[in-house]
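No lab work stands behind these numbers, since they all come straight from the coordinates. Not measured: the values here are computed from a predicted model. Cβ atoms come from the backbone with ideal geometry, glycine included; neighbour counts cover every protein chain shown.
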Amino acid sequence: MATALEPTTFAVPEVRQTQMLIGGKWQDAASGKTFATVNPATEEIIAEVAEGDAADIDLAAQAARAAFESGPWATMDARDRGKLMTKLANLIEDNFDELAALESLDNGKPISDARAADLPLAIDCLHYYAGWADKIHGDTIPIRGDYFCYTRREPLGVCGQIIPWNFPMLMAAWKWGPALAAGCTIVMKPAEQTPLTCLRMGELAMEAGFPPGVINVVPGYGPTAGAAMVKHPGVDKIAFTGEHRTAQIIMADAAQTLKRLTFELGGKSPNIVFADADLDAAIAGAEFGLFFNQGQCCCAGSRLFVEESVHEEFVERIVERASSRVLGNPFDAKTTQGPQVDQDQFEKILGYIEKGKEQGAACVTGGNRFGDKGYFVEPTIFTGVTDDMAIATDEIFGPVMNILSFKDFDEVVERANNTQFGLAAAVWTRDVQKAHRIANSVRAGTVWVNCYDVFDAAAPFGGFKMSGMGRELGEAALANYTESKTVTMSLG
Ligand code: ADP
C-alpha cells in the first residue's frame with residue numbers, strides 16, 4: 001500500500017534478464033529469434049526477449065526430467081524443499097521495489113496496484129506452499145485380509161505451466177508454489193506480452209539455490225512454444241490459465257499423450273446488489289470488482305445485477321465513482337487505472353463498446369479511448385443491458401461495466417446462472433439468509449458476500465462449467481501436482 005513516505009512517482013527499473021532459463025543456464029533461443037515486449041502506456045519497445053519454440057521446449061523438458069529423476073531435487077528432504085521456497089519468497093521481498101516496477105512497466109498496471117496486490121500476494125503464496133512441502137502424505141487403509149495397505153503421494157513429474165499476462169508474477173507464484181511443494185519440476189511459459197518478471201523470478205530462484213532444471217522459463221508464443229509443451233511426451237501435466245478457447249485447443253493437443261490438465265479460465269461473473277445492501281460498500285465493491293486491473297481479471301464482476309428499487313441511485317453514484325478514476329502514467333502513485341495490456345485487447349474492448357451501443361444499451365459514461373498514446377480505455381458503464389447482448393454474454397476483459405436491473409430473488413438466481421461460465425459471483429445484502437441462499441444457488445467456484453476479489457493463498461480458486469477444471473491455491477492445488485500410489489503388503 002502506498003504510504004505518505006513513498007515517492008509519488010517511481011523510477012523505471014532496469015531490465016536485467018531477457019534470455020531463457022534452461023537447466024540452470026541463461027541462453028538465447030536455439031533459433032536465435034527474439035520478440036519485442038512493449039510498454040502498453042507508451043507503445044514503445046521495452047526489450048527484445050528470447051523467443052522459445054519447440055526446440056527450446058524440448059531442451060527445457062529434458063532438463064526438467066533430469067532434475068526430477070536424478071540430482072539433488074529428486075532426493076531432497078521435503079523440509080529442505082520448503083526452505084528453498086522460503087528463500088525464494090524472501091528474495092522476492094528483498095527485491096520488492098524493482099519487481100513491482102518491472103511488473104508495472106511490462107503490464108501497464110498502476111504501480112500502486114502492483115505494490116498493494118501482485119507482489120504481496122505472490123510472496124504470500126510462496127510462503128504458504130513452502131509450509132506444505134513437508135505436510136503432503138498418504139493414508140493407511142484398513143483393507144480386508146492380512147495386509148498392510150497405505151498410499152503415498154508422489155510428485156507428478158515434469159509440469160508444463162502456461163500463464164497469462166494479467167497478473168504475471170502472481171500467476172507464476174500460484175503455479176510454482178504447489179508444484180515445488182509437491183517435488184515436481186517446472187517448464188514455465190510466461191505470456192508473450194509480459195515475460196519480464198517471470199524471468200527475474202527465475203534469476204532469484206537460481207540465487208536461492210534451486211538445483212538446475214527444477215525451474216525452467218521459456219518465453220515465447222502460444223501456438224509455437226505453448227503448443228510444443230502441450231504435445232511434448234516428456235511433460236506430464238499442463239497447468240494453464242487463459243481463455244477457454246485456448247483451453248479447448250490445449251485439451252485436444254494433450255489427448256495424444258493423455259496429460260493431466262488443470263485449467264483456470266474466463267468468466268462473466270454476476271455481482272448481485274440487493275436493495276437492502278449497504279449501498280456505500282456495494283458501490284465501492286462494484287467499482288473495485290470490475291475496474292481493478294483495468295478490468296483484466298478473470299473473475300471481474302462484469303454482470304452487475306442491481307435490484308430495481310435502488311437502480312437509479314446506484315447508477316448515479318457508480319457513474320460518479322467511475323468517472324473520477326485517475327488514468328495516466330502507471331508509475332505515478334496517484335494513478336488508479338493504467339492502459340490495457342496490448343493493441344489486440346484495446347481493439348477488442350473498443351469493439352465490444354461499439355457492439356453494446358449498436359445493440360441498444362445506454363453508454364452512461366466513458367466509451368472511448370483515453371488520450372492518444374498508450375492503450376488506455378475510459379472507464380465505461382452501460383445501463384439498460386439485457387441478458388442476450390454481447391456485452392452481457394462475452395468476456396470483455398476490460399473496463400466496461402454492464403448494469404442489469406432485476407426484480408426478485410428467483411429471477412436473479414436464474415439469470416446469474418444463465419451463462420457458460422462459473423468462476424465467481426458476489427452478493428451484497430444485509431439479510432444473512434438471502435446471502436446464504438445465493439451462495440448455495442449460484443454455480444460458481446467462488447462466492448463473495450459483501451466483498452469482492454478477496455484472495456488468499458489458503459483459499460481454493462477455480463471454475464465451474466467452462467471457467468475451469470481443478471482448483472488452484474489452498475490444499476486443493478496440491479492434488480494437481482501429486483499422483484497417489486497404493487501399496488499393499490502381505491502380512492501372511
Ligand atoms: P489471452 O487472450 O488472454 O492472451 P490466451 O489464452 O490466448 O489468453 O493466452 C494465455 C496463455 O496461453 C499465454 O501464455 C499464451 O501464449 C498461451 N497460449 C496461447 N495459445 C496457445 C496454444 N495453442 N497452446 C498453448 N498455449 C497457448
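Beyond 14 Å, how much of the Cα-Cα pair distribution for the range 261-313 remains, as a whole percent?
When all Cα pairs of the range 261-313 are counted, 54 percent exceed 14 Å.
Using only alpha carbon pairs under 8 Å that are at least six residues apart, calculate the relative contact order of the range 224-297 and give it in whole percent.
28 percent
Given all pairs of different Cα atoms, what value in angstroms does the Kirkwood hydrodynamic radius of the range 395-459 take?
After inverting the mean inverse Cα-Cα distance, the result is 13.1 Å.
In degrees, nearest 10, range 0 to 90: what is the angle between the Cα axis of helix 196-208 and the longest Cα principal axis of the chain?
Orientation of helix 196-208: about 40 degrees from the principal axis.
Just want to confirm a number: the relative contact order over the range 363-492, from Cα pairs under 8 angstrom separated by 6+ residues, in percent.
Computed over the range 363-492, the figure is 15 percent.
Which entries of K434/K465; K237/K373; K109/K259; K231/K373; K33/K237 have Cα-Cα distances beyond 30 Å here?
K237/K373; K109/K259; K231/K373
Could you tell me the extents of the range 123-226's C-alpha atoms along the three principal axes, largest first, rounded to whole Å?
58, 30, 26
Taking the DSSP beta bridges in the range 303-425 as the whole, what percent of them are antiparallel, to the nearest 5?
That works out to approximately 35 percent antiparallel.
Give the angle, between 0 and 90 degrees and rounded to the nearest 10, that separates the Cα long axis of helix 54-69 from the longest principal axis of the Cα atoms of the chain.
It works out to around 60 degrees.
In percent, what relative contact order does the range 191-267 have, based on Cα pairs under 8 Å that are 6 or more apart in sequence?
RCO, the range 191-267: 27 percent.
Provide Rg and Dmax in Å for the chain, with only Cα atoms included in the calculation.
23.1, 81
Could you point to the residue in G445, N39, V412 farthest towards the positive end of the chain's charge dipole, with +1 and -1 charges on the Cβ of Lys/Arg and Asp/Glu respectively?
Final value for the positive-end residue is G445.
What percentage of all Cα-Cα pairs in the range 283-442 are separated by more than 25 Å?
On the way: 3529 of 12720 pairs.
Tail of P(r) above 25 Å: 28 percent of Cα pairs.
For the range 82-135, with the dipole built from +1 on Lys and Arg beta-carbon atoms and -1 on Asp and Glu ones, taken about the Cα centre, which of L84, A116, S104 lies farthest toward the positive end?
Most positive-ward Cα: L84.
To the nearest whole percent, what portion of all C-alpha pairs in the range 20-147 is separated by more than 26 angstrom?
Everything past 26 Å amounts to 48 percent.
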